[in-house]
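> Okay, here's the structure, questions in a sec.
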Amino acid sequence: MDPGSRSAHFFLGQAREALGRPAEAVSAYRAALAISPAFFPARFHLGRALILAGDPAAAVPELEKAVALAPGERPPRELLARARELSSAPR
């Protein structure tokens, strides 16, 4: 894998998510974003992986950035609302 490839890190994150390993996906998506902070797919999937990993509060700022990157897209807005709801729910 090319360590400088945002796409390689992104696809690694997707593979880890598909295998039910969202915490490992988080690190791959963060690596993609370290290379390209405005890479919308990685930002959106990072938010989703954080929710799946049980950290919806950490997903909120990531999904806010995803919404800012793609304001016309509905899925990031919906996921942001879900992350906010989950992060304010009593545990």
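Derivation of every value follows stated rules applied to the coordinates shown; laboratory data play no part. The structure presented is a predicted model; accordingly, all values stated were derived computationally and were not measured. A quick note on method: Cβ atoms are made from the backbone with ideal geometry, for glycine too, and the neighbour counts reach across all protein chains shown.
> Which whole-angstrom value gives the distance between the alpha carbon centres of region 1-38 and region 59-91?
When both Cα centres are located, 19 Å separates them.
> With Rg and Dmax of the Cα atoms in Å as the read-out, I listed [x] 17.5, 51; [y] 12.5, 42; [z] 20.7, 70; which label goes with the value calculated from this structure?
[y]
> Next question, about the same structure. Treat each spin label as a single point 7 Å out from the Cα along the C-beta direction, and report the E24 to E64 distance in nm.
For E24 paired with E64, the spin-label model returns 3.2 nm.
> Relative to the longest principal Cα axis of the chain, at what angle does helix 22-35 sit, 0 to 90 degrees, rounded to 10?
The helix 22-35 is inclined about 60 degrees to the chain.
> Relative contact order (percent) for the chain, with alpha-carbon contacts under 8 angstrom and 6 or more residues of separation?
Value for the chain: 21 percent.
> Additional query: Measure nothing fancy, just the Cα-based angle from helix 40-52's long axis to the longest principal axis of the chain, in degrees from 0 to 90, nearest 10.
60 degrees
> What does the charge count around A18 come to, taking other residues whose C-beta lies under 14 Å from its C-beta (Lys +1, Arg +1, Asp -1, Glu -1)?
Details: positive: R16, R21, R48; negative: E17, E24.
Local net charge: +1.
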